[in-house]
Amino acid sequence: MRIANVVSDSIVDGPGLRFTVFTQGCPHHCPGCHNPDTHDPAGGREATVEELAEQMLSNPLTDGLTLSGGEPFDQARECAALAARAKEHGLNVWAYTGYCYETLLEQGKPDVLALLEQVDVLVDGPFVEKLKSYDALFRGSTNQRLIDVPKSQTSGTVVLWSRPDPLAHFTRPES
Ligand code: SF4
């Protein structure tokens with residue numbers, strides 16, 4: 001697959017410590033994109049799924065894989081294979097895309113659907129500069145959604161992901 005870069009210890013592309021793959025090639029050309037070097041599909045470098053999986057699994061502290069870009073869904077087959085390796089080893093999978101979730105479903109491409117099957121949270125939609133926000137959790141602009149893909153697929157409607165409350169099981173001691 002064609003990649004721009006990997007970051008093996010990201011804490012900004014989803015919860016916990018993440019292995020993030022920035023895929024190379026993006027057709028969206030969002031004005032204000034912070035990764036313009038990833039747009040050219042001929043740029044970056046080749047990497048095999050096996051090579052990336054080995055690197056991803058070399059750190060036992062890693063919580064998850066994030067597929068970012070570039071546009072991961074334009075290399076859906078390879079991304080799905082890497083995501084499957086992550087899942088086999090108990091890692092969660094997040095993916096960023098400039099496409100809307102509904103568009104990916106409507107297109108019905110087998111490789112895209114196979115990748116969606118592996119994704120826990122999809123951050124969808126293009127980056128919109130006028131909606132840019134530093135407060136938007138794990139997103140660049142507020143139009144982008146954090147979609148809980150398994151729940152959305154089960155219910156047939158978009159279900160947004162929300163960060164689990166770390167104190168949910170904490171009971172305040174009686175005073
Ligand atoms: S989808 Fe992402 S990488 Fe592609 S142009 Fe938009 S912001 Fe940049």
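Among the candidates V119, V123, the residue that is more than 15 Å from I3 (Cα to Cα), touching a strand residue (DSSP E or B) at 6+ places or on another chain (Cβ under 7 Å), at pLDDT 95 or above and away from the ligand (no atom under 12 Å from the Cβ) is uniquely V119.
Could you check, for the stretch 14-23, whether at least one of its residues is outside any strand (DSSP E or B) and within 12 Å of the ligand (Cβ to nearest atom)?
no
If we scan the stretch 107-115, do we find a residue that is surrounded by 17 or more Cβ atoms within 10 Å (Cβ to Cβ) and touching a helix residue (DSSP H, G or I) at 6+ places or on another chain (Cβ under 7 Å)? Among the residues of the stretch 107-115, at least one is surrounded by 17 or more Cβ atoms within 10 Å (Cβ to Cβ) and touching a helix residue (DSSP H, G or I) at 6+ places or on another chain (Cβ under 7 Å), which makes the answer yes. Residues considered: G98, G70, G64. Of these, the only one that is touching a Ser or Thr at 6+ places or on another chain (Cβ under 7 Å), among the small types (G, A, S) and crowded, with 20+ Cβ neighbours inside 10 Å is G70. Screening D74 against (1) outside any loop (DSSP other than H, G, I, E, B); (2) within 12 Å of the ligand (Cβ to nearest atom); (3) more than 18 Å from the chain's Cα centre (by Cα) leaves a single unmet condition, (3). Within the stretch 33-55, the presence of a residue that is at pLDDT 95 or above, open to solvent by less than 20 Å² (accessible area, probe 1.4 Å), of a type in the set (A, V, I, L, M) and within 26 Å of L137 (Cα to Cα) is excluded.
For the stretch 59-69, give me the residue count where each residue is within 14 Å of the ligand (Cβ to nearest atom) and at pLDDT 95 or above.
Going through the stretch 59-69 one residue at a time, the tally reaches 3.
The values are calculated or read from the model by the stated rules, or taken from the named source; none is laboratory data. From a predicted model like this one, the values you see are computed outputs, not experimental measurements. Positions of Cβ are generated from backbone atoms using ideal geometry, with glycine treated the same way; all protein chains shown enter the neighbour counts. Calculation scope for accessible area: heavy atoms of the full protein, side chains included, ligands and nucleic acids excluded. Shrake-Rupley method; radii C 1.70, N 1.55, O 1.52, S 1.80 Å.
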